[in-house]
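The values are calculated or read from the model by the stated rules, or taken from the named source; none is laboratory data. None of these values were measured; they are calculated from a predicted model. Cβ coordinates were reconstructed from backbone atoms using ideal geometry, including for glycine residues, and neighbour counts include every protein chain displayed.
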Amino acid sequence: MNKKVLLLHGWGGSDYPHWQSWLASELIKEYGCVNFLRFSNFDTPKLDVWKDELEEALRDFKPDIVICHSLANTLWFHLCNTGTLKIIERLYLVAPPSMSCQVKEIKEFFPQKTPKNLFAKEVLLIGSTNDPYMHIEGLQELQKGLGVELKILENAGHINADSGFGEWPWILTELKSKLSNS
């Protein structure tokens, strides 16, 4: 059985050369089943619109694995806090912003409370020692609050194209290992 992978971008999108764009193309090369959801108005996101778009994608696509980047983590937390999600196999939370982020363009997503249930059998939180949107102490606090595994990357910034994450072989290898475990 082919597992379905849903990629969720953050504020500003994850167009090429971002690692999410690269990852989607790499998975498709091997006939992977991928939905790289493009949220509307990603430079000026609206929480209710993004929630509706994500709920529709989850209903229609029924992913096994979800990979969130940046603001998509906060969006996932919003849905978790409604308690309406179905359990997925694996969730990757990559470079989440602070739970009280103060960026004007995305202010309606915050503050956010830590969900009690992430609706995933396995979760990996991935952050950086120098992410401008989440300091390391905040990341460690989030990890404790969520009770999940944490992978910390040294000096990886916001884990995006600007910080050198166009191609990210580690995430591809990690995902392939999960996709092959049927």
>> Among the residues of region 80-96, what is the count of those that are in contact (Cβ under 8 Å) with a residue 40 or more places away in the chain and within 14 Å of the chain's Cα centre (by Cα)?
In response: 6
> Ala95 versus (1) modelled with pLDDT of 95 or more; (2) on the phi < 0 side of the Ramachandran plot: which is the lone unmet condition?
Replying inline: (2)
> From the list Leu125, Leu93, which one is under 26 Å from Lys176 (Cβ atoms), in contact with a Cys (Cβ under 6 Å, 6 or more places away or on another chain) and not acidic (Asp, Glu)?
Replying inline: Leu93
>> Of everything in region 1-50, what is under 15 Å from the mean Cα position of the chain (by Cα), farther than 20 Å from Cys101 by Cβ and part of a loop (DSSP other than H, G, I, E, B)? Give them in sequence order.
In response: Asp15, Arg38
> Among the numbered criteria (1) more than 19 Å from Ile171 (Cβ to Cβ); (2) surrounded by fewer than 18 Cβ atoms within 10 Å (Cβ to Cβ), which single criterion is violated by Leu85?
Replying inline: (2)
>> Go through (1) within 20 Å of Val5 (Cα to Cα); (2) aliphatic (A, V, I, L, M); (3) touching an Asp or Glu at 6+ places or on another chain (Cβ under 9 Å) for Leu47 and report which single condition fails.
In response: (1)
>> Residue pairs, Cβ under 6 Å, 6 or more apart or interchain, first in region 119-139 and under 29 Å from Ile87 (Cα atoms), second among the charged types (D, E, K, R). List them.
In response: Lys121/Glu89; Glu122/Arg90; Leu124/Glu149; Ile126/Lys151
> Restricting attention to region 33-75, and to residues there that are at pLDDT 95 or above, surrounded by fewer than 16 Cβ atoms within 10 Å (Cβ to Cβ) and among the acidic types (Asp, Glu), which single residue is farthest from Val123 (Cα to Cα)?
Replying inline: Asp48
> Can you pull out the residues in region 87-124 that are in contact with a helix residue (DSSP H, G or I) (Cβ under 6 Å, 6 or more places away or on another chain) and of a type in the set (Gly, Ala, Ser)?
Replying inline: Ser98
> Do any strands (runs of 3 or more DSSP E) lying entirely in region 75-182 carry at least 1 residues that are more than 19 Å from Ile65 (Cα to Cα), and which ones are they?
Replying inline: 120-128, 149-153
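Table: residues versus (1) over 25 Å from Lys62 (Cβ atoms); (2) modelled with pLDDT of 95 or more.
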| position | (1), (2) |
| --- | --- |
| His78 | no, yes |
| Thr84 | no, no |
| Ser100 | yes, no |
| Lys113 | yes, no |
| Asp131 | yes, yes |
| Met134 | yes, yes |
| Ile152 | yes, yes |
| Trp168 | yes, yes |
>> Which numbered condition in (1) buried (at least 18 other Cβ atoms within 10 Å of the Cβ); (2) farther than 21 Å from Trp168 by Cα is the only one that Arg90 fails?
In response: (2)
